[in-house]
Amino acid sequence: MDGMKKSSATPYASLTPDTILDALESVGLRPDGRQLALNSYENRVYQVWMEEEPPLIVKFYRPQRWSDEAIIEEHAFVAQLAEREIPAVPALKLNGTTLHRFGGFSFAVFPRQGGRAPELGDPATLQWLGRFIGRIHAVGAIAPYTHRPALSIETFGIEPRDWLLAHDFIPPELVAPWRGVADMALDGVRRCFERAGSVAQLRLHGDCHMGNVLWLDRGDVQGPHFVDFDDSRMGPAVQDLWMLLSGERGEMQRQFNDVLTGYEDFCEFNPREVHLIEALRTLRLIHYSAWIARRWGDPAFPAAFPWFDTPRYWQDRILELREQIALMDEVPLAA
């Protein structure tokens, strides 16, 4: 693993505070010098104060992750949502475009949107979230992405499994156990997809966890606001629903019922997709380990995930995948 770490590039080494300010000035904005780094590992995101306007959010995209066409395609989708008064935060169009380049970086600028985490124990909140996700999916089903990948067994399971095995991140004594349980887990994923049968693919948020949903309580604006469509891609609708569920099975069933009550006000849910819930969770677990490993040369990742580079991390992942193998063979939640 040491050779891999040493050879990994440090993608944001040249992204200094002065570069951030110069980038904003290059598109005609006038920052006053104050800036605050926000919590983001994949990209670099800052709140920057302006001389005469409210603060703005600037996102510098991780080099070589997305093509310009893929980023612009995501911006266009979010703009479609905003045009229909669906609460998503679109990139600002400056000088005729939403994507800009400066100092070797691609970046975009967004209006600042505050808020708090939603209260998922409240059925009304879950129904509200379901309604807006249903509206997002109704727009997402209008046309496909052409430059962004789809969520599939290959892209979220097989490819990241093979990448991890090829790059020596797993301790030698745990390679065989991890490979064995990962292969069994992927077999379980395939069975789940077979049970689900043919399901529609649509443009998704893609990473609809609670960190990407802000709840607003202002007098003029209330309810959820969806941010960070950076992982948006083609996939089954349930991908944007299962991450709202937590707790024991009975609790997740109640939450799912509430979400679907709101969702189906705007978009029909295919009940066969319930067979994919634990399969998608399994794929996310495999993909997540590879995501950290691919970013290990970025100094932010060893600092944020110090346990990743330990045998204990991989032992826990083996146990986690074994649990998922059992869960995928259980009767799914009811829709």
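Taking into account only those residues within region 144-184 that are in contact (Cβ under 8 Å) with a residue 12 or more places away in the chain and out of contact with any helix residue (DSSP H, G or I) (no Cβ under 9 Å at 6 or more places or on another chain), which is surrounded by the most Cβ atoms within 10 Å (Cβ to Cβ)? Here the answer is ALA150. The single condition among (1) loosely packed, with under 15 Cβ neighbours inside 10 Å; (2) in contact with a helix residue (DSSP H, G or I) (Cβ under 8 Å, 6 or more places away or on another chain); (3) among the basic types (Lys, Arg) that ARG131 does not meet is (1).
Can you tell which of ILE286, ILE292, ILE318, ILE325 is under 30 Å from HIS167 (Cβ atoms) and without any contact (Cβ under 8 Å) to a residue 24 or more places away in the chain?
Details: ILE286 fails: without any contact (Cβ under 8 Å) to a residue 24 or more places away in the chain; ILE318 fails: without any contact (Cβ under 8 Å) to a residue 24 or more places away in the chain; ILE325 fails: without any contact (Cβ under 8 Å) to a residue 24 or more places away in the chain.
Being under 30 Å from HIS167 (Cβ atoms) and without any contact (Cβ under 8 Å) to a residue 24 or more places away in the chain holds for just one of ILE286, ILE292, ILE318, ILE325, which is ILE292.
Filtered by the rule that a residue be in contact with a Phe, Trp or Tyr (Cβ under 8 Å, 6 or more places away or on another chain) and either surrounded by fewer than 16 Cβ atoms within 10 Å (Cβ to Cβ) or at pLDDT below 95 (or both), region 20-41 gives ASP22, SER26, ASP32, GLY33, ARG34, LEU36, ALA37, LEU38, TYR41. Summed over region 162-182, the residues that are touching a Lys or Arg at 6+ places or on another chain (Cβ under 9 Å) and among the aromatic types (Phe, Trp, Tyr) give a count of 2. Exactly one residue among LEU216, LEU245, LEU260 is of a type outside the set (Asp, Glu), over 18 Å from ILE86 (Cβ atoms) and not in a helix (DSSP H, G or I), and that residue is LEU245. Taking the criterion of being assigned to a loop (DSSP other than H, G, I, E, B) and touching a residue at least 40 places away in the same chain (Cβ under 8 Å), the residues of region 97-141 that qualify are GLY103, GLY104, ARG112, GLN113, GLY114, GLY115, ALA117, PRO118, GLU119, LEU120, ALA141. Scanning region 42-71 for residues that are at pLDDT 95 or above and among the acidic types (Asp, Glu), we see that the one that is nearest to THR19 (Cα to Cα) is GLU51.
In summary, GLU251 fulfils each of the numbered conditions (1) buried (at least 22 other Cβ atoms within 10 Å of the Cβ); (2) among the acidic types (Asp, Glu); (3) part of a helix (DSSP H, G or I) with the single exception of condition (1). If you scan region 143-182, which residues turn out to be closer than 17 Å to ILE325 by Cβ and under 24 Å from the mean Cα position of the chain (by Cα)? Those that are closer than 17 Å to ILE325 by Cβ and under 24 Å from the mean Cα position of the chain (by Cα): ILE153, PHE156, GLY157, ILE158, ARG161, ALA182. Residues in region 79-96 that are modelled with pLDDT of 95 or more, touching a helix residue (DSSP H, G or I) at 6+ places or on another chain (Cβ under 8 Å) and not in a loop (DSSP other than H, G, I, E, B): GLN80, LEU81.
If you take the residues of region 87-98 that are of a type in the set (A, V, I, L, M, F, W, C) and surrounded by fewer than 19 Cβ atoms within 10 Å (Cβ to Cβ), which of them is nearest to HIS137 (Cα to Cα)? First the steps, then the outcome.
Step one: of region 87-98, the residues of a type in the set (A, V, I, L, M, F, W, C) are 88-89, 91-92, 94.
With surrounded by fewer than 19 Cβ atoms within 10 Å (Cβ to Cβ) added as a condition, the list becomes 92, 94.
Working: LEU92: 23, LEU94: 28 Å.
Result: LEU92.
The values are calculated or read from the model by the stated rules, or taken from the named source; none is laboratory data. The structure displayed is predicted, hence computed values, not measured ones. When we count neighbours, we look across all protein chains shown, and the Cβ atoms used for this are built from the backbone with ideal geometry, even at glycine.
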